[in-house]
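Visitor: Take a look at the following structure, please.
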Amino acid sequence: MDRQIQKTRSRPLAVALATAVPALLLAACGGSSDSVAQLAEARPASLLSCTDLAGKISFPNTRITGAETVAAGALTVAGKPVAEHCRVTGRMHERVGPVDGQSYAIGFEMRMPRDWNGRFFYQANGGLDGVVSTAVGALGGGPLTHALQMGFAVLSSDAGHAGSLGPLFGLDPQARLDYGYQAVGKLTPMARSALQTAYGKAPDRSYLGGCSNGGRHAMVAAARYADQYDGIIAGNPGTRLPLAAIANIAGAQGYAKLATTAGDLGTGFTQAERRLVSQAVLGKCDALDGATDGMVQAGAACQAAFDLARDVPTCSGARDGTCLSAEQKTTIAGLFKGATGSSGNRIYQTFPYDAGLDTAGWASWKFSNPISRDAGAVAFIWQTPPESAASFNDAQFALNGSIDSMLARIQATNATYAESGLSLMMPPNYGQLPALRGRGGKLMVYHGTADPIFSSEDTVQWYEQLRRNHGDASDFARLYLVPGMNHCSGGPATEQFDMLSALVAWVEKGQAPDRVIASARGAGNAGGVNADLPANWSATRTRPLCPYPQTARYNGSGDIESAASFSCR
Ligand SMILES: [Ca+2]
């Protein structure tokens, strides 16, 4: 049974009754109690059939469009063949949008292993969704395995719209809601029913995970759908995604003023200048964790130690990559401190100074995406009313649009768009997860500290809120900062790790993940090479990822390339 629950430890009934009331009072006051439930381990099963599932799976508002056997080895991960499985495709809630006349549906595929581990994995996809990515359940960084390979049944969906619409799907109010949270709510019971048909039993345990917007889906699911999920992984979550997008647009307006070539934002803060800042951060912060190794593990101490105005040379003449102009320092420091609206109100969050500023990924998020991605999303998916599609110009909107107006309109509603863009994207009851904790569910969150679009400090602030609401939240939710990692992967970082195995052990065996080992993806890595890896690191460097507020610290002796030489403190 899915809802099978065992207590972590059995106690005499009288003792349990005697402590029940104080425990409830403690919980109400935000203190922790010892009553976290232990969920039972999933049990394996075998697929009963495949191609005939197209006619057998029956669920309201659902049309199954295909079921085919995928032979062993047709997919590979890190050079290893994925075992035989069944691919089922379908569409839910097919309809025509009343506003724009476009066809909408929640498209999905499920991949069901012949030899099933009894677990369901909802693969939360990134970006604007709109694509049914292959349902393998990919994990963080360049993967060596994934959920499908591990024996999970995996679902992937387009979250309710076709990618060909771009951000214009936001003109349809229901498509906004499906993208925000309702697609997960509609797909999950359908998937459970389909697995019941395919295996003769529903999944024993259910998991959901993703990165970026997928991390946001995960944060939302932890708040809205905790009754249906036992374990959730949120990677680099865009927990307050519309605010992050508007802050990024405000950043673009700042970089545009610094640009030496009009329209080329990257000339406002060049690669050489970003490398200069990265090196200055390392100079101030690298050794704070006990190891001068090109990594800043002591992130909070680093933010206190580093001062852009003081620690980077100021140009006395023309900018040449060895200094920053006074204007650059003011603007860039202001953006790291958190972009603001016209009254000085901070739009989103601070960003930490980090050694990962000089990567191509960082530049792409800061200088290209405000125009190519954030502008359209703010204009059409979150603003009420949306912009006029006929006259919209993304560069004009990003570089000359009113930040104040954007902030107001993502919080507005009208008769057509009854829920605001900010509301439909964010988890409700921010920083509170009583249902997840109450049922024995677990949440693992990770965030790269060089993420240029969703700040790791926003996730830290969320976690601090969770700790205020749930006492020491580490009995059900843990946050792992990944030093140097860019947005979901890349950067000068050890960013290859398997958090799903750790999560399963925590959910089903009560083994709390006190550290997760992460590896560099250097030359020869089977999951793909990380082009941002510094040349003087071992290609196989490992580090522990530590549960916040702990950080990794060098033990003072031992191989500097090995996680074994570091402790979480
Ligand atoms: Ca270091």
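Rule-based calculations on the coordinates, nothing more; no lab input. Computed from a prediction, not measured in an experiment: that's the story for all the values here. Note that each Cβ is placed from the backbone with ideal geometry, even for glycine, and that neighbours are counted across all protein chains shown.
Visitor: Every residue in the range 317-373 that is over 23 Å from Phe397 (Cβ atoms) and among the basic types (Lys, Arg), please.
Guide: Residues satisfying the conditions are Arg319, Lys329, Lys337.
Visitor: For the structure I just gave you, tell me whether Tyr353 is in contact (Cβ under 8 Å) with a residue 12 or more places away in the chain, in contact with a Leu (Cβ under 9 Å, 6 or more places away or on another chain), among the hydroxyl-bearing types (Ser, Thr, Tyr) and over 15 Å from Ile249 (Cα atoms). Even if it seems obvious, please write down each step before you answer.
Guide: Working: in contact (Cβ under 8 Å) with a residue 12 or more places away in the chain: yes; in contact with a Leu (Cβ under 9 Å, 6 or more places away or on another chain): yes; among the hydroxyl-bearing types (Ser, Thr, Tyr): yes; over 15 Å from Ile249 (Cα atoms): yes.
Answer is yes for this residue.
Visitor: Another question about this same structure. For the range 302-324, name all the residues that are over 35 Å from the mean Cα position of the chain (by Cα) and surrounded by 13 or more Cβ atoms within 10 Å (Cβ to Cβ).
Guide: Cys315, Arg319
Visitor: Next question, about the same structure. How many residues are touching a strand residue (DSSP E or B) at 6+ places or on another chain (Cβ under 6 Å), β-branched (Val, Ile, Thr) and without any contact (Cβ under 8 Å) to a residue 60 or more places away in the chain when one looks only at the range 121-159?
Guide: Going through the range 121-159 one residue at a time, the tally reaches 2.
Visitor: Next question, about the same structure. Looking only at the range 266-288, count how many residues are of a type in the set (Gly, Ala, Ser) and within 16 Å of the ligand (Cβ to nearest atom).
Guide: From the range 266-288, those of a type in the set (Gly, Ala, Ser) are 266, 268, 272, 278, 280, 283, 287; that's our starting set.
In the following step, the residues that additionally are within 16 Å of the ligand (Cβ to nearest atom) were identified as 278, 280, 283, 287.
Residues that pass the stated criteria total 4.
Visitor: Is it the case that some residue within the range 456-466 is surrounded by 24 or more Cβ atoms within 10 Å (Cβ to Cβ) and of a type in the set (Phe, Trp, Tyr)?
Guide: Among the residues of the range 456-466, not one is surrounded by 24 or more Cβ atoms within 10 Å (Cβ to Cβ) and of a type in the set (Phe, Trp, Tyr), which makes the answer no.
Visitor: If I go through the range 519-565 residue by residue, how many of them are within 15 Å of the ligand (Cβ to nearest atom), touching a helix residue (DSSP H, G or I) at 6+ places or on another chain (Cβ under 8 Å) and either of a type in the set (D, E, K, R) or at negative phi (or both)?
Guide: Filtering the range 519-565 down to residues within 15 Å of the ligand (Cβ to nearest atom) leaves 520, 534, 536-538, 541-546, 551-556, 558-563, 565.
Then drop every residue that is not touching a helix residue (DSSP H, G or I) at 6+ places or on another chain (Cβ under 8 Å), which leaves 542-544, 551-555, 558-559.
Going one step further and asking which of them are either of a type in the set (D, E, K, R) or at negative phi (or both), we end up with 542-544, 551-555, 559.
Number of matching residues: 9.
Visitor: In the list Arg521, Arg543, Arg553, which residue meets the criterion of being part of a loop (DSSP other than H, G, I, E, B), touching a residue at least 60 places away in the same chain (Cβ under 8 Å), under 24 Å from Ser278 (Cβ atoms) and in contact with a strand residue (DSSP E or B) (Cβ under 9 Å, 6 or more places away or on another chain)? Steps first, answer last, please.
Guide: On the way: Arg543 fails: part of a loop (DSSP other than H, G, I, E, B); Arg553 fails: part of a loop (DSSP other than H, G, I, E, B).
Among Arg521, Arg543, Arg553, only Arg521 is part of a loop (DSSP other than H, G, I, E, B), touching a residue at least 60 places away in the same chain (Cβ under 8 Å), under 24 Å from Ser278 (Cβ atoms) and in contact with a strand residue (DSSP E or B) (Cβ under 9 Å, 6 or more places away or on another chain).
Visitor: Is there a residue being of a type in the set (D, E, K, R), more than 16 Å from the ligand (Cβ to nearest atom) and within 30 Å of Gly376 (Cα to Cα) anywhere in the range 289-308? Spell out how you get there, then give the answer.
Guide: Just the residues of the range 289-308 that are of a type in the set (D, E, K, R), to begin with: 289, 293, 307.
In the following step, the residues that additionally are more than 16 Å from the ligand (Cβ to nearest atom) were identified as 307.
Narrowing the set further to residues that are within 30 Å of Gly376 (Cα to Cα) leaves none.
Within the range 289-308, none of the residues are of a type in the set (D, E, K, R), more than 16 Å from the ligand (Cβ to nearest atom) and within 30 Å of Gly376 (Cα to Cα).
Visitor: Return the residue satisfying two criteria in turn: it lies in the range 325-342 and is among the polar types (S, T, N, Q) and buried (at least 18 other Cβ atoms within 10 Å of the Cβ), and of such residues it is farthest from the chain's Cα centre (by Cα). Reasoning before the result, please.
Guide: The first filter runs over the range 325-342 and keeps only residues among the polar types (S, T, N, Q), leaving 325, 328, 330-331, 340, 342.
Remaining after also requiring buried (at least 18 other Cβ atoms within 10 Å of the Cβ): 328, 331.
Details: Gln328: 30, Thr331: 28 Å.
Of everything passing the filter in the range 325-342, Gln328 is farthest from the chain's Cα centre (by Cα).
Visitor: State yes or no: is Ile232 touching a residue at least 12 places away in the same chain (Cβ under 8 Å), of a type in the set (Val, Ile, Thr) and either more than 14 Å from Met425 (Cβ to Cβ) or touching a Cys at 6+ places or on another chain (Cβ under 7 Å) (or both)?
Guide: Criteria met by Ile232.
Visitor: Then there is this: Any residue in the range 107-121 that is more than 25 Å from the chain's Cα centre (by Cα) and of a type in the set (D, E, K, R)?
Guide: yes
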